[in-house]
């Protein structure tokens, strides 16, 4: 199986806060359809290209020659989700205050608060683990 755009879209909708994504067919329709989606097709394809390149570089850095399709689509979805979060004004804030009485503290850097970087750490740990652990670890398949 090869990971398709449709697979990534499904993972984005499942694993991130992105609910609607314009499809390629909707973007090419006349008149254009799906223009109120959370993520337009042109933006999605640009972010996907960037994410594929970053993932390839990270896998090379980790000395992982191949990973499963499931791992690939999850990593790409998490990375695109992170790219979209970076666009938010408070994406890198150590503490976000909603009013005088309510605040949320979190890691103060992308690597600490990123689903993608946490997933990469899981891949690194799985790579270092014994063969039995690699088979048991849910959701991470290193081949």
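The table below lists the values:
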quantity: Projected-area average for the range 1-66 over all orientations - Cα convex hull basis, square nanometres; calculated: 5.2 nm²
quantity: Exposure proxy order (Cβ contacts within 10 Å, fewest to most) of 41, 83; calculated: 83, 41
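Only the coordinates and a few stated rules stand behind these numbers; no lab work does. This structure is a prediction, so every number in the text was calculated from the model and none was measured. All Cβ positions, glycine included, derive from the backbone under ideal geometry; neighbour counts span all protein chains shown.
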